[in-house]
Amino acid sequence: MKHIKIFDTTLRDGEQAPGCSMNLKEKVEVAKALERLNVDIIEAGFAISSKGDFESVKTVAEIIQNCSVASLARAVPKDIDAAYEAVKNAVAPRLHIFLATSPIHMQYKLKMSPEQVLENIEAMTKYAKKYIDDVEFSAEDAMRSEPEFLAKAIAVAIKAGAKTINIPDTVGYSNPKEMAERITYLRKVVPETKDITLSVHCHNDLGMGVANSLAAVEAGALQVECTVNGLGERAGNAALEEIVMAINTRKNLYGGETRIKTNELYRASKLVYSIIGMRAPINKAIVGENAFAHEAGIHQHGVLANRETYEIMTPESIGIPSNYMVFGKHSGRHAIENRLKELGHNLSSEEMTVFFKSFKDLADKKKKINDADLEALIGHKVKVSQANEYKLDRFTVNSGNYVTSNAIVRLNYNGKMLEEVAIGDGPIDAAFKAVDKIVKAPPHSLDDYNIQSVGEGKDALGEVFLRIRCGDEIVTGRGLSTDIIEASIIAYINGVTKLL
Ligand code: KIV
Ligand code: ZN
């Protein structure tokens, strides 16, 4: 079976989508999850694009041990220099350079003739090769490029030393038939492609990102570029978990295998959703809440008789725990630690101490704590306290249909108690205004506010995700509590302090 490489670009193409930005700590968490998944390449960012991106690519490159780490670079020396500086300490560094080859991009964006584009591809691939052998070239907007010109461009890149050639469907324009034909054509007219890895990178504008990627694999592509949960510009990129499970479930059809540890997929997906402050759509393939639920009686009957009647893959294969446990206030640290390990979370002793305290706090308010609660607590509460952090100490809200809502909020900042009072349109607005008076972040507005319960029952935890806009920047905040106003205030503090 051939090995189909998974090139994950959650931290680059995914992270550059509005509302999906991550801080350094979150990027490192995602990179570690990708390493656990066993992806072949992590594209950690676009080093030249900002100081923050440079730092995060460098940090990820230095931490990750089991896969390649790449940085994106335009086909210009200063980008390639920065990308090299950022990835050079990786165990297996890669430089990923790109230049557009479609008529519309060459004429209007690059203002370059086709000849200049070919010269540039040659010169910049050679330039990158001076640093590192593992150079990837992407022909941006390949699927709207003239096939003959695209073939010339990739032949030039291969001759100049590119080891991977990527064919992006940058604007999600293609369909599976066309994609397969394009890969087949390129393999035929550029025989040198047999000495390199041919890759695809499909956007999802017409909802065909995954289908196009798989069609390319059928036609001989050996690398797929994708993102966890399909994050990415506009409608996103092809979703990693869908591609991997399709290849895994239909091995014979695709004639290949990835090296992904599929039982890490669910956890990686949850982590990424919780960082960007979203939940999987309920019917999302592979990781949505209903992906393995059988409601119709006829289906349930079939599954009870033989799971394979309606199940083409098992929940366990993507890491959804098979047994279900309930804990309460008498549960001990050891039992909780064991269950967390079974759920795939190995906490350090310091983190476990923080976690266990929040578990006990929750157990005082909620009788039965199940796996969903543990997972939610993990996503929110394992952070060991750091200096210069605002933490909610206490709050009071007063609201009703005949009073102006008001809130008193007290935050703890490095041991100093800071208290403010504010009025607002409802208790949440009043509480957020009180937080604003304390935190004093740059001007911002609340773009989105979302509250959902974790699990069932009147004492269920409330989980709040919100988005805050500050100019062009969007940050997310999340909070968890059995009290929805408290969850909201925690989420707001979490988001707004990211603007500082
Ligand atoms: O979509 C695209 O074309 C890209 C390239 C930079 C690979 O993201
Ligand atoms: Zn892209």
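The values are calculated or read from the model by the stated rules, or taken from the named source; none is laboratory data. Note that the coordinates shown come from a computational prediction; the quantities given were computed from them, not determined experimentally. As a convention, Cβ positions derive from the backbone with ideal geometry for all residues, glycine included, and neighbour counts pool all protein chains shown.
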Inset, instruction - Kindly check whether there is at least one residue in the range 178-200 that is within 11 Å of ligand 1 (Cβ to nearest atom) and not small (Gly, Ala, Ser). - result: yes
Inset, instruction - Please go through the range 15-35 and pick out each residue that is touching a helix residue (DSSP H, G or I) at 6+ places or on another chain (Cβ under 7 Å) and within 16 Å of ligand 2 (Cβ to nearest atom). - result: 20
Inset, instruction - Those residues that are buried (at least 24 other Cβ atoms within 10 Å of the Cβ) and of a type outside the set (Ser, Thr, Tyr), I need them from the range 120-139; list them, please. - result: 121, 124, 128, 135, 136, 137, 139
Inset, instruction - Determine, yes or no, whether residue 231 is surrounded by 19 or more Cβ atoms within 10 Å (Cβ to Cβ) and touching a residue at least 24 places away in the same chain (Cβ under 8 Å). - result: yes
Inset, instruction - Identify, from the list 290, 204, 212, 283, the residue that is surrounded by fewer than 24 Cβ atoms within 10 Å (Cβ to Cβ) and within 16 Å of ligand 2 (Cβ to nearest atom). - result: 204
Inset, instruction - Under 9 Å between Cβ atoms, at least 6 apart or on separate chains: pull out the pairs that start in the range 388-413 with a residue that is free of Cβ contacts under 8 Å to residues at least 40 places away in the same chain and crowded, with 17+ Cβ neighbours inside 10 Å and end on any residue that is of a type in the set (Phe, Trp, Tyr) and not in a strand (DSSP E or B). - result: 407/432
Inset, instruction - Just name the residue that is surrounded by the most Cβ atoms within 10 Å (Cβ to Cβ) out of those in the range 105-119 that are part of a helix (DSSP H, G or I) and more than 32 Å from the chain's Cα centre (by Cα). - result: 117
Legend entry - Hits in the range 38-67 (condition: under 19 Å from residue 94 (Cα atoms), touching a helix residue (DSSP H, G or I) at 6+ places or on another chain (Cβ under 9 Å), away from ligand 2 (no atom under 16 Å from the Cβ) and in a helix (DSSP H, G or I)): 47, 48, 54, 55, 56, 57, 58, 59, 60, 61, 63
Inset, instruction - Just name the residue that is farthest from ligand 2 (Cβ to nearest atom) out of those in the range 126-154 that are of a type in the set (Ser, Thr, Tyr) and within 17 Å of residue 174 (Cβ to Cβ). - result: 145
Inset, instruction - Of the conditions (1) at pLDDT 95 or above; (2) assigned to a helix (DSSP H, G or I), residue 97 clears all except one; give me its number. - result: (2)
Legend entry - Meets criteria (out of contact with any Gly (no Cβ under 6 Å at 6 or more places or on another chain) and within 16 Å of ligand 1 (Cβ to nearest atom)) for residue 231: no
Legend entry - Search result, residues across the range 292-328 that are without any contact (Cβ under 8 Å) to a residue 12 or more places away in the chain, among the small types (Gly, Ala, Ser) and assigned to a loop (DSSP other than H, G, I, E, B): 293, 296, 322
Inset, instruction - Select from the range 157-192 the residues that are closer than 18 Å to residue 133 by Cβ and more than 16 Å from ligand 2 (Cβ to nearest atom) and write down the one among them that is surrounded by the most Cβ atoms within 10 Å (Cβ to Cβ). - result: 157
Legend entry - Extreme residue, farthest from ligand 1 (Cβ to nearest atom), among residues of the range 8-36 that are surrounded by 21 or more Cβ atoms within 10 Å (Cβ to Cβ) and either of a type in the set (S, T, N, Q) or more than 13 Å from the chain's Cα centre (by Cα) (or both): 10
Inset, instruction - Could you please find all residues in the range 179-222 being under 23 Å from residue 244 (Cβ atoms) and β-branched (Val, Ile, Thr)? - result: 183, 196, 197, 200, 210, 217
